[in-house]
Amino acid sequence: MYMRNVMMMGLITVLSVGILWSSEAADQQDRMYGYGLGRPATDLDLQHWNIDVAPTGEGLPPGRGTARQGAAIYATKCASCHGPTGQEGPMDRLVGGAGTLGSQKPVKTIGSYWPYATTLYDYVYRAMPFPAPQSLSSDEVYSVVAWLLYQNGIIAEDTILDVHSLPAIRMPNHNGFVPDPRPDVPKN
Amino acid sequence: MKNSLQKEKRDEPRDEADTEKTALLDRRSLLAGTAGIVSAIVMRSVTRSAEAAMLVAPDDPTRVPGAAPTAYGQRSTYEQSVRVPRSWWGSLTPLQDSHGILTPSALHFERHHNGVPVIDPEHHRLMIHGLVAQPWAFTMDDLKRFPATSRLAFIECSGNSAIEWKAPTGQSVQQTHGLTSTSEWTGVALKTVLQEVGVKPDASWILAEGSDAAAMTRSLPLALLIEEALLCYAQNGEPLRPEQGYPLRLLLPGWEGNTCIKWLRRLKFGTAPFMTREETSQYTDLMSDGTARQFTMLMEAKSVITSPSGGQRVQPGFIDIRGLAWSGRGRIAQVEVSTDGGRSWQQAVLQDPILPKCHTRFCLPWRWNGADVILQSRCLDETGYVQPTRAALVAVRGVNSVYHYNAIQSWKIAADGQVSNVHA
């Protein structure tokens, strides 16, 4: 159902963006004499900004790491906010919570809730550590990600994470997400 | 219903410090009267210190020259309404003090994920890449040269009222509903810029990224946003406030605030969602069966009585019940008010302007007889959607979904006039 919804969005997009594109193609003349604003961006322009990592693994940089290597980095750079084992806080709990999502007190963590392992790489590099985002090397990010996945029982302590192995990891809650069914509440 | 705090301050006896301020004001007023012959330097320094102090009203303002013109206006020092900061992550708009539908820029709620960045507009760029004819970069000057467009729109954080799922928690409407605001937004239509760049036919999702320390990112379905998306550089007639994304933000009218990426630096076109942290582990709505709804972008219709509201104290007699209603699907068609906890409803007056995806002001003249009552408002939007009761909403969604709480709000007026938040 979810994929059907995404595909439907895709179809609508092809139709509507097709208009953008075809008017573009038909009016090459106009485009050449369009607003004439902006300039082509170069790879150099984009190299520090194009940091997103997709579920396919697209965007992952070279590098590698294991949970064993990640333990020390986590202890130094992450534990003060997330606790020594990723469960104590004070900030977001990262470890545990398996099987709690349908309970009265759900515990949403990387292990119990996050649908993609690639998101973890993207987010840790992009926004962590909180006082110094984008400061970790790719080896450090792979290592911390490995430690977090190991703590959640998803990979072994010596699993090497890299551009190939990370996107292949299937997260426990991979199938836990559904599309928006609203309006969903019957009228009063 | 006047803020009692303000009144108390005004009635306080003047102490020595106040006398000093009065003296300062008098000196400043004198200078203002002879501004033509006073050197600019003296003028500036006096103005500065006068602004730093609290200006105190003279006994008769018709007998004392007023203040000099100022470079950037300030509100009266008698007005105290402020945002309430919430930890490090944001602040709440004081809806209880609002008039009309616009939120002053300085009072627009804040939500940021690692602080408000300082950005030099000269160096800021919007980069558009991925499935486009050619990667393209725009300066702020480029973007301002495109044909401009303006519209009024509310922005509401989808976490607004999240504290109300389980129990009545917020003591004031600022705490329960303060993560929504309305501004006039000006910029260039995204569609216009994309025509300049050329989007490939297979592009269906956009990754929008901010230039803050969270490098905030959301994936957005192109087909659903293309008609209304705006690249905004101005708010209420002046450049965006830093906390609203200066120098550039995305506006997606009617969508949850988080999708309106602030400090916008990059739009990347792809064929699938990028599955960022903010659209997987956050901003997804957990249902009681353990599944979570994803890409719930739209903000459904919601209304709230802003006065009388929690924390206020009212007197028996005439009360103009006032509030705000809004819908991410379009215009508000009707607002009803109940003064008996939802048993009966009266139609409220909607004040112009009534605009799509915008706060709409409603009011209902009423006489309170001094007995315990529960006030509620519910709205209907132009698509026929009716704001749900709390019971109906919770029956479908449970109490753990965090986001998109839009149930009817109940305010109890006790016999002593004290107004408080209740679930009814």
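Could you compute the FRET efficiency for A:LYS105 and A:HIS164, with r as their C-beta to C-beta distance and R0 at 30 Å, rounded to 0.05? Before the final figure, lay out each step's value.
On the way: r = 38 Å, r/R0 = 1.25.
E(calc), rounded to 0.05, equals 0.20.
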Which residues qualify? For B:ILE321, with a placed amide H closer than 5 Å and at least 5 residues away or on another chain, they are B:LEU364, B:TRP366
Spelling it out for B:TYR403: with amide H atoms placed in the peptide plane at 1.01 Å from N, the residues 5 or more places away or on another chain with amide H under 5 Å from its amide H are B:LEU286
Ratio for region B:353-424, C-alpha Rg to 2.2 N^0.38 Å, reads 1.33
For region B:96-224, the per residue accessible area (1.4 Å probe, Å²) is 32
Expected vector for region B:94-104, Karplus 3J(HN,Hα) from phi with 6.51, -1.76, 1.60 and θ = phi - 60°, integer Hz, x for Gly and Pro, equals x, 4, 5, 9, 7, 10, x, 10, 7, 9, x
Which of B:GLY310, B:GLY66, B:GLY323 fluctuates most in a GNM of chain B (C-alpha springs under 10 Å)? That residue is B:GLY66
Long-range amide H partners of B:ALA153, meaning residues 5 or more apart or on another chain whose placed amide H is closer than 5 Å, are B:SER183, B:TRP185
For the B:TYR78, B:ALA414 Cβ pair and Förster radius 35 Å, calculated FRET efficiency rounded to 0.05 is 0.75
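Just to be sure I understand: if I project the alpha-carbon convex hull of the protein assembly as shown onto a plane and average over all orientations, what area do I get in nm²?
Details: hull surface 129.2 nm².
Dividing the Cα hull surface by four gives the mean projection, 32.3 nm².
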In cubic angstrom per residue, the convex hull of region B:113-257 built on its Cα atoms measures 127
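Roughly what % of DSSP beta bridges within the protein assembly as shown run antiparallel, to the nearest 5? Can you show the working numbers first?
Working: 79 of 86 bridges.
So the antiparallel bridges amount to about 90 percent of the total.
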Averaging 1/r across every pair of distinct alpha carbons in region B:173-328 and inverting yields a Kirkwood hydrodynamic radius, in angstrom, of 17.6
Magnitude of the Cβ-charge dipole (Lys and Arg +1, Asp and Glu -1) of chain B about the Cα centre, nearest 20 debye, reported as 300
GNM of chain B, Cα pairs under 10 angstrom: of B:ARG343, B:ARG249, B:ARG397, the biggest fluctuation goes to B:ARG343
Projected onto their principal axes, the Cα atoms of region A:45-170 stretch, largest extent first, over whole-Å spans of 48, 29, 29
In region B:85-424 the DSSP beta bridges are antiparallel at a rate, in percent to nearest 5, of 95
Cα-based Rg/(2.2 N^0.38 Å) for region B:288-424, rounded to two decimals, is 1.09
Along region A:66-75, Karplus-curve 3J(HN,Hα) (6.51, -1.76, 1.60; θ = phi - 60°) to the nearest Hz, with x for Gly and Pro, reads 10, 4, 4, 6, x, 4, 5, 5, 4, 4
If one builds a Gaussian network model of chain B from Cα atoms under 10 Å apart, the most fluctuating residue listed among B:GLY341, B:GLY290, B:GLY311 is B:GLY290
Excluding near-sequence neighbours (fewer than 8 apart on one chain), chain B holds lysine pairs with C-alpha atoms under 28 Å apart numbering 26
Rounded to a whole number, the Stokes-Einstein D of region B:106-171 in µm²/s (Kirkwood radius over Cα pairs; 4 °C; 1.567 mPa s) is 78
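Hey, what number do you get for chain B at 222 nm if only DSSP H runs of n ≥ 4 count, each worth -39500 (n - 2.57), divided across all residues, to the nearest 500?
Values: 8 runs with 70 residues, N = 424.
That comes out to -4500 deg cm²/dmol.
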Karplus ³J(HN,Hα) for region B:79-84 (6.51 cos²θ - 1.76 cosθ + 1.60, θ = phi - 60°; Hz, whole; x = Gly/Pro) runs 8, 10, 5, 9, 5, 9
The equivalent-ellipsoid semi-axes of chain B, taken as the square roots of five times the Cα gyration tensor eigenvalues and listed largest first in whole Å, are 39, 34, 17
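The values are calculated or read from the model by the stated rules, or taken from the named source; none is laboratory data. No experiment lies behind these values; they were computed from the predicted model shown. Cβ coordinates were reconstructed from backbone atoms using ideal geometry, including for glycine residues, and neighbour counts include every protein chain displayed. Quick note on the areas: whole protein, heavy atoms, side chains included, nothing else; ligands and nucleic acids left out. Shrake-Rupley method; radii C 1.70, N 1.55, O 1.52, S 1.80 Å.
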